[in-house]
Amino acid sequence: MSILDTINSPDDLKKIPRSDLPDLAAEIRSLIVEVVSKNGGHLASSLGAVELAIAIHYVFDVPHDKIIWDVGHQSYAHKIITGRREKFHTLRKYEGICGFTRMCESQYDSFTTGHSSTSISAGLGIACAKSLKKENNKVIAVIGDGSMTAGLAYEGMNQTGYLHKNKDFIVILNDNDMSISKNVGALSSFLSRTFSKKYLQDLRKEFGEFLKSLPKIGDDLYKFAKRSEEFFKTFATPGMLFEAFNFDYFGPINGHNINHLIDILNNIKHLREPVLLHITTTKGKGYPPAERNPIYFHGIGSFKVKTGNCNNTKNGISTYTEVFGKTMVELAGKNEKIIAVTAAMPEGTGLTEFSEIFPERFFDVGIAEQHGVTFSAGLATEGFRPVVAIYSTFLQRAYDQILHDVCLESLPVIFAVDRAGIVGEDGATHNGLFDISYLRNLPNMVVMAPKDENELRQMLLTALSHNGPIAFRYPRGTGVGVPIEPDIKPLPIGKGEILKKGTDILILAIGHSVCESLNAYEKLISEHGISSTVVNCRFVKPLDTELIISLTKEIPRLITVEENIRMGGFGSAVLECLSDGGIYDYKIDRLGIPDVFVDHGPQNLLRAKYKIDSNAIVNSALKLMGRI
């Protein structure tokens with residue numbers, strides 16, 4: 001029996017001799033690689049956090065003590081240790097365990113973390129609640145993978161520093177070369193190890209008083225060191241930054257030395273004021289392909305364990321993201337005003353090639369979507385055409401900036417909204433099911449969605465030709481496979497197109513749902529003898545009201561289809577259009593996502609479950625026709 005087979009809870013882990021913990025770490029890594037190679041997932045980040053997860057659960061009393069993993073995709077080892085080992089093979093599968101921490105999944109998941117940089121704010125809230133309830137729980141926030149680049153992390157630190165008295169709160173900065181600094185070597189590790197002893201902390205304070213007592217030069221020496229107890233570390237670590245927020249800073253230390261981690265955590269867990277422990281880890285640790293290419297293995301589909309090569313499922317068809325990236329390069333070669341902006345996702349948004357060809361016109365703002373949008377607004381005021389490429393779910397974080405800094409003055413900022421609709425295995429925190437609803441209500445904003453990858457190219461040029469805020473949303477995954485026209489032509493703003501003509505049913509669709517509607521058209525005519533008109537509306541705002549009104553006067557039944565929440569979405573926009581046009585007595589069925597969060601699973605399965613696929617459109621038509 002392996003060591004891992006004996007562990008079903010953190011209590012079981014504490015029974016393992018410390019000498020066996022490195023072997024346990026190797027077994028956990030092997031399981032993570034095996035499962036992710038089949039299911040896909042965030043591999044490199046979780047491999048880098050294995051020893052940290054073991055050490056935290058070895059030292060602290062979880063779930064009495066609370067751990068927040070930020071971002072939650074580095075929590076695979078935590079999930080395995082906390083009773084989910086036997087279910088780990090279901091990772092990211094439909095009705096299996098989530099790829100992120102979820103409060104509804106386990107009592108050991110203290111906070112749901114799909115987006116980044118929330119842990120310090122949430123952790124401080126939990127710590128304050130525990131203090132008010134006179135409870136003595138420790139709260140540990142593990143923040144990494146670039147999460148310290150977001151402003152929210154510093155807002156949380158600022159408030160923590162203000163409320164620092166008697167707050168049992170530990171922040172562990174998992175620095176894996178995608179965070180704030182590099183490992184600065186053995187001296188810092190030595191200092192952090194010795195300074196974590198309580199008597200040496202007292203000694204540092206006494207030394208500070210000694211410095212200030214020196215005649216003539218004492219005050220100058222003390223001011224130069226900022227805080228005398230951090231004198232040596234000031235020159236070697238970023239500790240002064242965190243000390244300025246009233247955190248006791250320790251580090252950086254090697255995050256793969258389990259015994260060292262356990263010693264440090266045992267030393268600092270008794271402190272009653274906020275502590276920041278800075279550890280350095282190797283992203284992809286223990287799996288050579290991931291260590292060599294941690295960006296590629298950050299989020300990956302299924303792959304061959306022996307080589308690390310991905311299993312090819314694209315069938316030669318480019319993804320929407322790839323088409324967007326190549327079109328950006330093509331158009332930027334003709335227009336020097338085009339600028340690309342992304343938030344820590346150059347690979348994910350297809351902008352790597354752009355960044356290499358036009359480095360002076362590419363800006364990665366880090367995990368700082370709010371800043372990225374306002375930064376782009378500033379560029380737009382000076383005559384540039386910034387294209388902000390951000391996943392739908394992350395663009396939500398910059399909503400106020402879109403409203404106040406872009407739309408209010410109608411600045412020509414272009415939003416390329418990637419991963420719109422159902423994203424699949426990443427689940428509820430990553431599905432892009434709200435962008436139509438949260439963008440279409442903003443004055444001056446134009447919202448559109450392509451039916452295929454060729455139309456995506458047309459919409460990018462349309463956006464660049466428009467003098468105001470404009471967004472186009474497109475799904476995750478491969479395109480339809482249509483031919484790519486070499487000459488890109490802009491689309492007339494607010495005009496849809498009739499793809500199929502029939503008399504029984506009117507189907508109005510947007511984005512990916514157009515493909516589902518065309519499939520439904522074929523089924524309706526061949527299997528049921530029902531003819532339908534299928535319209536690719538292209539624009540959610542402004543709608544082609546003239547076309548819609550005219551067609552509803554000819555065809556007595558209407559279906560709207562969208563891969564977005566129904567409330568306030570495309571179907572709502574059509575209802576508003578009909579109401580404004582004085583059309584009230586009409587048979588309508590709106591297909592879209594109901595008032596729920598969609599969990600993880602294959603895209604096609606979820607589309608069927610929430611009745612937005614071609615079969616659902618057929619059933620809707622049959623109901624409207626009185627056939628079922």
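Being closer than 15 Å to Leu575 by Cβ, touching an Asp or Glu at 6+ places or on another chain (Cβ under 8 Å), polar (S, T, N, Q) and outside the structural domain of Ala449 (by TED's automatic domain parsing) is a description that does not apply to Thr552.
Only residues that are closer than 15 Å to Lys79 by Cα and touching a strand residue (DSSP E or B) at 6+ places or on another chain (Cβ under 6 Å) were counted in the stretch 11-42, giving 0.
In the set (1) out of contact with any Leu (no Cβ under 8 Å at 6 or more places or on another chain); (2) part of a strand (DSSP E or B); (3) over 28 Å from Ile97 (Cβ atoms), the condition left unmet by Gly592 is number (3).
Restricting Asp65, Asp70 to those that are in contact with a Ser or Thr (Cβ under 7 Å, 6 or more places away or on another chain), acidic (Asp, Glu) and surrounded by 18 or more Cβ atoms within 10 Å (Cβ to Cβ) reduces the list to Asp70. Any residue at all in the stretch 513-528 that is in contact (Cβ under 8 Å) with a residue 12 or more places away in the chain, crowded, with 20+ Cβ neighbours inside 10 Å and in a loop (DSSP other than H, G, I, E, B)? Within the stretch 513-528, not a single residue is in contact (Cβ under 8 Å) with a residue 12 or more places away in the chain, crowded, with 20+ Cβ neighbours inside 10 Å and in a loop (DSSP other than H, G, I, E, B). Here Val341 does not fit the description of being buried (at least 17 other Cβ atoms within 10 Å of the Cβ), more than 25 Å from Met148 (Cα to Cα) and either in contact with a Leu (Cβ under 6 Å, 6 or more places away or on another chain) or not basic (Lys, Arg) (or both).
Listed here are the residues, each with its yes/no results for (1) more than 23 Å from the chain's Cα centre (by Cα); (2) touching a residue at least 60 places away in the same chain (Cβ under 8 Å).
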position: Asp65; (1), (2): yes, yes
position: Tyr76; (1), (2): no, no
position: Thr82; (1), (2): yes, yes
position: Arg92; (1), (2): no, yes
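Remark: pairs (first residue in the stretch 567-586, at negative phi; second residue at pLDDT below 95; Cβ separation under 6 Å; 6+ apart in sequence or on different chains) are absent. Just one of the numbered conditions (1) free of Cβ contacts under 8 Å to residues at least 60 places away in the same chain; (2) at negative phi is not true of His600: (1).
Residue-by-condition table, conditions (1) under 24 Å from Thr381 (Cβ atoms); (2) part of a strand (DSSP E or B); (3) touching a Leu at 6+ places or on another chain (Cβ under 8 Å):
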site: Ser410; (1), (2), (3): yes, no, no
site: Ala416; (1), (2), (3): yes, yes, yes
site: Asp426; (1), (2), (3): no, no, no
site: Thr429; (1), (2), (3): no, no, no
site: Ser437; (1), (2), (3): no, no, no
site: Leu442; (1), (2), (3): yes, no, yes
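Quick one: is Leu277 surrounded by fewer than 19 Cβ atoms within 10 Å (Cβ to Cβ), hydrophobic (A, V, I, L, M, F, W, C) and in the same structural domain as His164 (by TED's automatic domain parsing)?
Details: surrounded by fewer than 19 Cβ atoms within 10 Å (Cβ to Cβ): no; hydrophobic (A, V, I, L, M, F, W, C): yes; in the same structural domain as His164 (by TED's automatic domain parsing): yes.
So Leu277 fails the test.
Taking every residue in the stretch 107-132 that is farther than 16 Å from Pro274 by Cβ and pairing it with any residue that is of a type in the set (Lys, Arg), at least 6 positions away or on another chain, the pairs with Cβ-Cβ distances below 6 Å are Asp109/Arg102; Ser110/Lys66; Thr112/Arg102. In a residue-by-residue description of the stretch 153-162, the property of being in contact (Cβ under 8 Å) with a residue 12 or more places away in the chain and closer than 18 Å to Gly48 by Cα applies to no position. Name the single residue, out of those in the stretch 529-548 being of a type in the set (A, V, I, L, M, F, W, C) and under 16 Å from Val574 (Cα atoms), that is surrounded by the fewest Cβ atoms within 10 Å (Cβ to Cβ). In this case the residue turns out to be Leu547.
Residue by residue, here is whether (1) under 30 Å from Glu95 (Cα atoms); (2) among the polar types (S, T, N, Q); (3) in contact with a Pro (Cβ under 9 Å, 6 or more places away or on another chain); (4) touching a residue at least 60 places away in the same chain (Cβ under 8 Å) holds:
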| position | (1), (2), (3), (4) |
| --- | --- |
| Leu379 | no, no, yes, no |
| Val388 | no, no, no, no |
| Ile402 | no, no, yes, yes |
| Cys407 | no, no, yes, yes |
| Asn441 | no, yes, no, yes |
| Arg457 | no, no, yes, yes |
| His466 | no, no, yes, no |
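Considering only residues that are β-branched (Val, Ile, Thr) and under 29 Å from Asn431 (Cα atoms), look in the stretch 140-171 and name the one that is surrounded by the fewest Cβ atoms within 10 Å (Cβ to Cβ). Only one residue tops the list, namely Thr149.
Checking each residue in the stretch 283-293 for being part of a loop (DSSP other than H, G, I, E, B) and either more than 18 Å from Glu27 (Cβ to Cβ) or free of Cβ contacts under 8 Å to residues at least 24 places away in the same chain (or both) picks out Lys283, Asn293. Take Gly72 and decide whether it is of a type in the set (Gly, Ala, Ser) and out of contact with any helix residue (DSSP H, G or I) (no Cβ under 8 Å at 6 or more places or on another chain). Yes; evaluated as a whole, the condition is true for this residue. Residues of the stretch 407-454 being under 21 Å from Gly468 (Cβ atoms), surrounded by fewer than 21 Cβ atoms within 10 Å (Cβ to Cβ) and either under 18 Å from the mean Cα position of the chain (by Cα) or not assigned by TED's automatic domain parsing to the domain that holds Ala389 (or both), which ones? Of everything in the stretch 407-454, just one residue is under 21 Å from Gly468 (Cβ atoms), surrounded by fewer than 21 Cβ atoms within 10 Å (Cβ to Cβ) and either under 18 Å from the mean Cα position of the chain (by Cα) or not assigned by TED's automatic domain parsing to the domain that holds Ala389 (or both), namely Tyr438. Looking only at the stretch 529-574, residues that are in a helix (DSSP H, G or I) and among the charged types (D, E, K, R) come to 3 in all.
The values are calculated or read from the model by the stated rules, or taken from the named source; none is laboratory data. No experiment lies behind these values; they were computed from the predicted model shown. Glycine also receives a Cβ, built like all others from the backbone with ideal geometry; neighbour counts cover every protein chain displayed.
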